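The values are calculated or read from the model by the stated rules, or taken from the named source; none is laboratory data. Worth saying up front: this structure is predicted, and the values here are computed from it rather than measured. Ideal geometry is used to build each Cβ from the backbone, glycine not excepted, and the neighbour counts take in all protein chains shown.
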Amino acid sequence: MSTTSLTPRVSHAATTPTATPADVTAAVAAARAAFESGSTKSLASRRRNVSAVRRLLEEHRSEFEAALFADLHKGRREAGITEIDVTIGEAAHAQKHLRRWMAPKSVSAGPLIWPASARIVPEPLGVILVMSPWNYPVNLTLDPLVGVLAAGNAAVLVPSPDAPHTAETIARLIPQYFPDGAVHVLLGAVDVAQNALKERFDHIVFTGSGRVGRIVMEAAVQNLTPVTLELGGKSPVWVDDDRQLTEVARRLAWAKFTNAGQTCVAPDYVLTTPDRVQPLVAALREAVADIWGADPAAGREYGRIVSERHFDRLAAMLEEGNVEFGGRTDRDDLYIEPTVVTFLNLDETVIGDDAPFQLLREEIFGPILPILTVSSKEEAARVINAWDKPLALYIFGDAATRAYFAQHTSAGAQVNGAAIVHAGIGALPFGGVGASGMGAYHGVHSFRRFSHLKPVLTKPLRPDTLRLLNPGTSERLLNLLGRLQRRG
């Protein structure tokens, strides 16, 4: 592994004061007062609040671009596609469909209690805590906020301190766009999040690691607060598409190395057969050079690792496996080159706690892509199923192969012929399953997630058909009522 000297990225720490425990309590109380005043609940106020998120991003786009570059070296193109524009799109989608989402839905009350009418009425939950990570600090803070506001709630945001410039920008602008106090932002280190979790909320949204997700759940139990957890994990890739390998490699390389691999749904490892390894490595090498140039460090489009702690963790992983290409690092610039490694001589291909290398035991969350060999798609499915259910599964194969994995594996999502792009499609629910998360949001799924879908049943007092359910009803009528119930 070679190391090159690169020009360090200039970064200045944000100086916004840390929220004290009193600040946390006051913010939650103010958000609850705004909600209980009714100012967030009407169609007009929901549209206004969703529009405020959209305008905040549109009117301060250059500030967010600068903040994202300072925090993660995200170029304008990537900042737009993966952070700003996708969130604006989420807001536009909610504005377009909000009236229909809010409308009560009539359902059948069934024949047993006729005459009667029934409907489902969405109502807001209350005050929702959104705890967001550093890797997509705009998207994963403001995208769930759109759904929270569309559902008529108030919100308290706790952005990650590891993306301080973006967090400070959000905290500075939110009061300008929500002067009524429907949204509050708390800045600071881990103790701020811990203090926030001591407060009572009506729902908690957390995106981050499984370890912290367990802490969030433990805190939520104290108030029986429902949670949405997006936790990531090791998202696998299966490749057996020989005819379109150039296209496969390009899509795989872009998905893996965007944001320097710091994406919860990034391809974490590749499974393929031994004969396909070297052709795939060659295609990936060409794809990386085509997308980011011969030296990704020289341009403004390739990201950097968020911190020295994460850099050191990833650099240690580079000592494992055989580096096929990449591997250059510069700690001063927090740069790790797009890297592909292979493990070709393992006695057994294993992912998770029993794997022999750290690269194979934990989510990589960086620009290192291991390629592992199996004998067949059936063995690949067994490897995947032997560990936690992943947040995403990516298949590059024919229709029969896609159908096989859909039937024989479980994941938060399966994407055929691409990777990570499903996370930006508002019509699809985004979420994990098992250890990769619980609950899903985006589009109408956000609205439903952050609403209580309240059943409302109305039955007139006359005719009093409910008397038939009272003791004394004849055996014949009881049999009839039983048949009606069994009809569903």
Check: Looking at this structure, is R243 touching a Gly at 6+ places or on another chain (Cβ under 7 Å), outside any helix (DSSP H, G or I) and exposed (fewer than 15 other Cβ atoms within 10 Å of the Cβ)?
Finding: no
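For segment 256-263, does any single residue satisfy the condition of being in a loop (DSSP other than H, G, I, E, B) and either under 20 Å from the mean Cα position of the chain (by Cα) or closer than 21 Å to L68 by Cβ (or both)?
From segment 256-263, those in a loop (DSSP other than H, G, I, E, B) are 262-263; that's our starting set.
Remaining after also requiring either under 20 Å from the mean Cα position of the chain (by Cα) or closer than 21 Å to L68 by Cβ (or both): 262-263.
Yes, the conditions are met somewhere in segment 256-263.
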Next item on the list: Out of the residues in segment 87-143 that are buried (at least 23 other Cβ atoms within 10 Å of the Cβ) and β-branched (V, I, T), state the one that is farthest from L477 (Cα to Cα).
Entry: V138
Next item on the list: Could you pull out every one of the helices (runs of 4 or more DSSP H) wholly within segment 376-488 that has 2 or more residues that are within 30 Å of D202 (Cβ to Cβ) and touching a residue at least 12 places away in the same chain (Cβ under 8 Å)?
Entry: 443-449
Note to self: Just the residues that are crowded, with 19+ Cβ neighbours inside 10 Å, of a type in the set (V, I, T) and touching a Pro at 6+ places or on another chain (Cβ under 9 Å), please, taken from segment 324-373.
What the structure shows: I336, T339, V340, V341, T342, I351, I364, I368, T373
Check: Pairs, please: C-beta under 8 Å, at least 6 apart or cross-chain, first residue assigned to a helix (DSSP H, G or I) and in segment 30-50, second loosely packed, with under 13 Cβ neighbours inside 10 Å?
Finding: L43/R99
Check: Quick one: would you say A315 is under 28 Å from T401 (Cβ atoms) and either without any contact (Cβ under 8 Å) to a residue 60 or more places away in the chain or among the hydroxyl-bearing types (S, T, Y) (or both)?
Finding: no
Next item on the list: Look at G431 and say whether it is under 22 Å from N259 (Cβ atoms) and not polar (S, T, N, Q).
Entry: yes
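Quick check: is even one residue across segment 328-336 part of a loop (DSSP other than H, G, I, E, B), without any contact (Cβ under 8 Å) to a residue 12 or more places away in the chain, among the hydrophobic types (A, V, I, L, M, F, W, C) and farther than 28 Å from E379 by Cα?
To start, the set of residues in segment 328-336 that are part of a loop (DSSP other than H, G, I, E, B) comprises 328, 331-334.
Narrowing the set further to residues that are without any contact (Cβ under 8 Å) to a residue 12 or more places away in the chain leaves none.
No, segment 328-336 contains no residue that is part of a loop (DSSP other than H, G, I, E, B), without any contact (Cβ under 8 Å) to a residue 12 or more places away in the chain, among the hydrophobic types (A, V, I, L, M, F, W, C) and farther than 28 Å from E379 by Cα.
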Check: Does S62 count as farther than 30 Å from R214 by Cβ, surrounded by fewer than 16 Cβ atoms within 10 Å (Cβ to Cβ), modelled with pLDDT under 95 and not basic (K, R)?
Finding: no
Checklist line | Residues located in segment 132-182, provided they are in a helix (DSSP H, G or I), closer than 22 Å to T258 by Cα and among the β-branched types (V, I, T) | finding: T141, T166
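Of everything in segment 184-219 that's acidic (D, E) and not in a loop (DSSP other than H, G, I, E, B), which residue is nearest to H165 (Cα to Cα)? So that I can check it myself, show each step before the final result.
Going through segment 184-219, the residues acidic (D, E) turn out to be 191, 199, 202, 218.
Those still in the list that are not in a loop (DSSP other than H, G, I, E, B) too: 191, 218.
Details: D191: 19, E218: 30 Å.
If we take residues in segment 184-219 being acidic (D, E) and not in a loop (DSSP other than H, G, I, E, B), then D191 is nearest to H165 (Cα to Cα).
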